[in-house]
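Enquirer: I have a structure I would like to understand better, so I am pasting it below and will then ask my questions one at a time.
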């Protein structure tokens, strides 16, 4: 015979579950765009803004796309007049701040893009996070020398 769950225990379990859901972060990808390479066969560069909700820090751990063979995260930095680029394993943000990937700073390197892609096309980018559920965005492609898309904020 099954014994009923005591009402106090059931209420505590429900409250604990609700508390976890209310503090779980969310991630909304905005203003995603990709600058195509000037030289065919070279990597493209990707930029975006991720707004984090849920009152917590968040960490971007990977970005993937069916249109690219591989995507790496990088950081460009200038120190003593010398510009360098280094790979990043992840990209974190402080509480209440977006995760920004923008020209001159953090950016994606998209390797092996389909050579049939042209400026004005879009590709799917899939973002994976430490805590938040995965997010998907459409990134507009721009030519190597063109300005950032209107509204991209970069």
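Where a number appears in this text, it was derived from the coordinates with a stated rule and is not lab data. Model, not experiment: these values are computed from the prediction. So basically every Cβ, Gly included, is an ideal-geometry build from the backbone, and we count neighbours across all protein chains shown.
Enquirer: What is the diffusion coefficient of region 20-108 in µm²/s, taking the Kirkwood radius over Cα pairs and the Stokes-Einstein relation at 20 °C with a viscosity of 1.002 mPa s?
Expert: In µm²/s, the coefficient is 149.
Enquirer: Further question on the same structure: Can you tell me, using C-alpha contacts under 8 Å and at least 6 residues apart, the relative contact order of region 24-142 as a whole percent?
Expert: Here the relative contact order equals 36 percent.
Enquirer: A further question on this structure: Measure off 7 Å from each Cα along the Cα-to-Cβ vector at residue 93 and residue 136, then give the distance between these two points in nanometres to one decimal.
Expert: 2.2 nm
Enquirer: So for the pair residue 128, residue 82, with labels modelled 7 Å out along Cα→Cβ, what separation do we get in nm?
Expert: 3.4 nm
Enquirer: Taking every pair of distinct Cα atoms and averaging 1/r, then inverting, what Kirkwood hydrodynamic radius in Å comes out for region 70-154?
Expert: 14.9 Å
Enquirer: Okay, moving on. For residue 72, project a label point 7 Å along Cα to C-beta. Then give me every residue of region 92-117 with its amide nitrogen under 20 Å of that point.
Expert: Residues 92, 101-115 fall inside that zone.
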